[in-house]
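> Right, I'll just put the structure down here and ask away after.
Please treat every number below as a calculation from the coordinates, not as lab data. Note that the coordinates shown come from a computational prediction; the quantities given were computed from them, not determined experimentally. FYI the Cβ positions are ideal-geometry reconstructions off the backbone, even for glycines, and counts take in every protein chain you see.
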Amino acid sequence: LSLIGEASPRVQKIEFFDMSELNEKEALGLMGLNELNILDEDKIKVGTSLLVDHYKKIGYRFAEVKYKINSTTVFDKVVQFFVNKKFKTQITSIRVENIDNEPLKKRIEDKLNKKFRLATLNQDTINKINQNLRQHLSTNGYFLTPISNPQIAFSADELSAKVNFKLTKTTKYNVEILNAESYSSTYLKDEVLKLKNYSSKEKSFAAEMLEKIKTFYISMGYPHVSIEFFEVTEADVIKLKFKITEGPFVKIRNLKIIGQLSRPESYYQ
């Protein structure tokens, strides 16, 4: 009986050249490669494509990754990856449309451009711009204005891009909290209602705000709190007014413990 076998090649070394933003372990994990499967041509091609996609997502739109498998001995192989990120695509301007208040529109655009102009165009940057725009809109009372994906216009060489947010026109609101004694109006707006980041799809969102204020007061020891709500339209602004009657602050005076007690009542109290 003759058994004829063929020795499998082994990976002596895996090398990455000109790679940044990732270390070798992170890159291999992203590519789905390890020493056991890295000599499989199909898997290494898929892994290389995944690494290219990663660099494109973080702003290197023209990134290329090539690989080479070299033999150092009959059985030993060295796998090399050559990363060419090329250039990032940068944001050159940010515009916002459909805000009737022109001074406010310009102020928002100036702040966004000051913070994000020349930043790398990728999903993470777009998400941060969305968050900042949401804060500016909510701070100025545009709670019902949704933020959709922006329109992106690339330059001819695609190394720069202009970002344009086309908003839907909605009514501006102003929230007033009256008669608050134990907590300031500013605290209730910022910490309870969180108006700086508040947004809603429902025009009847005032009921949600009222419930939030009431729940807060009850949790802080005001079970008899009552809140009156008024809505007043002035020019192009709807004012939402919440008039609070806090009622007495309730403290626990005594705990009465009854039943079959193994220790004196004072122990449980």
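> Over the Cα atoms of the stretch 143-204, what radius of gyration and what Dmax do you get, in Å?
18.3, 60
> Oh, and also: Between Ala180, Leu36, Ile108, whose Cα lies farthest towards the positive end of the dipole of the chain when Lys and Arg beta carbons carry +1 and Asp and Glu beta carbons carry -1, centred on the Cα centre?
With unit charges placed on the Cβ atoms, the residue in question is Ala180.
> Under 1.5 on a/c is rounded, so check that first for the stretch 134-269, then, if it is not, pick prolate when a/b is larger than b/c and oblate when it is not; a ≥ b ≥ c are the square roots of the alpha carbon gyration tensor eigenvalues.
prolate
> Now for a different question. Over 30 Å between Cα atoms, which of Lys57/Lys115; Lys201/Lys241; Lys166/Lys189; Lys66/Lys88; Lys45/Lys114 qualify?
Flagged as over cut-off: Lys45/Lys114.
> Give me Rg/Rg_expected for the stretch 168-243, where Rg uses Cα atoms only and Rg_expected = 2.2 N^0.38 Å with N residues.
1.12
> Let me ask you something else. Using the alpha-carbon atoms, what tilt in degrees (0 to 90, nearest 10) does helix 41-57 show relative to the longest principal axis of the chain?
Taking the Cα atoms of the chain, the angle to 41-57 is about 40 degrees.
> If you don't mind, there's one more thing I want to ask. Give, rounded to the nearest 20 debye, the magnitude of the charge dipole that the chain has about its Cα centre when Lys and Arg contribute +1 at Cβ and Asp and Glu contribute -1 at Cβ.
The dipole magnitude comes to about 580 debye.
> Okay, next question. Just to check I understand the Karplus step: with θ = phi - 60° and J = 6.51 cos²θ - 1.76 cosθ + 1.60, what whole-Hz values come out for the stretch 185-195, glycine and proline as x?
4, 4, 5, 5, 5, 7, 9, 9, 7, 6, 5
> Let's see if you can work this out: charge +1 on each Lys and Arg Cβ, -1 on each Asp and Glu Cβ, no other charges. What is the dipole magnitude of the stretch 2-157 about its Cα centre, in debye to the nearest 20?
700
> Based on a Kirkwood Rh over C-alpha pairs, give the Stokes-Einstein translational diffusion coefficient of the chain at 4 °C and viscosity 1.567 mPa s in µm²/s.
So the translational diffusion coefficient is about 52 µm²/s.
> Can you list the residues, at least 5 places off or on another chain, whose amide H is less than 5 Å from the amide H of Val175, using H built in the peptide plane?
Amide H neighbours of Val175, under 5 Å, 5+ apart: Leu240.
> Measure nothing but the geometry: give the 0 to 90° angle between the long axis through the Cα atoms of 123-139 and the longest principal axis through the Cα atoms of the chain, rounded to 10°.
Once rounded, the angle reads 10 degrees.
> Using a 7 Å offset from the Cα along the Cα-to-Cβ direction at both Ile252 and Gln131, what is the distance between the two label points in nm, to one decimal?
Placing both labels 7 Å along Cα→Cβ, they lie 3.9 nm apart.
> As I understand it, the value is the acute angle between the Cα axis of helix 102-116 and the longest principal axis of the Cα atoms of the chain; what does it come to in degrees, rounded to 10?
That helix lies at roughly 40 degrees to the long axis.
> Which entries of Lys105/Lys239; Lys43/Lys77; Lys128/Lys239; Lys43/Lys86; Lys25/Lys162 show an alpha-carbon separation above 28 angstrom in the structure shown?
From the list (Lys105/Lys239; Lys43/Lys77; Lys128/Lys239; Lys43/Lys86; Lys25/Lys162), the Cα-Cα distance tops 28 Å for Lys128/Lys239; Lys25/Lys162.
> Taking H placed 1.01 Å from N in the peptide plane, check which residues at least 5 places from Glu15 or on another chain put their amide H under 5 Å from its amide H.
So Glu15 has HN proximity to Val79, Gln80, Phe81.
> Placing unit charges on C-beta atoms (Lys and Arg positive, Asp and Glu negative, everything else neutral), compute the dipole magnitude of the stretch 151-218 about its Cα centre in debye, rounded to 20.
That gives a dipole near 240 debye.
> Work out how much length Leu118 to Leu3 would gain on full extension: take 0.36 nm times their residue separation and subtract the Cα-Cα distance, in nm to one decimal.
Using 0.36 nm per residue and subtracting the Cα-Cα distance, I get 34.8 nm.
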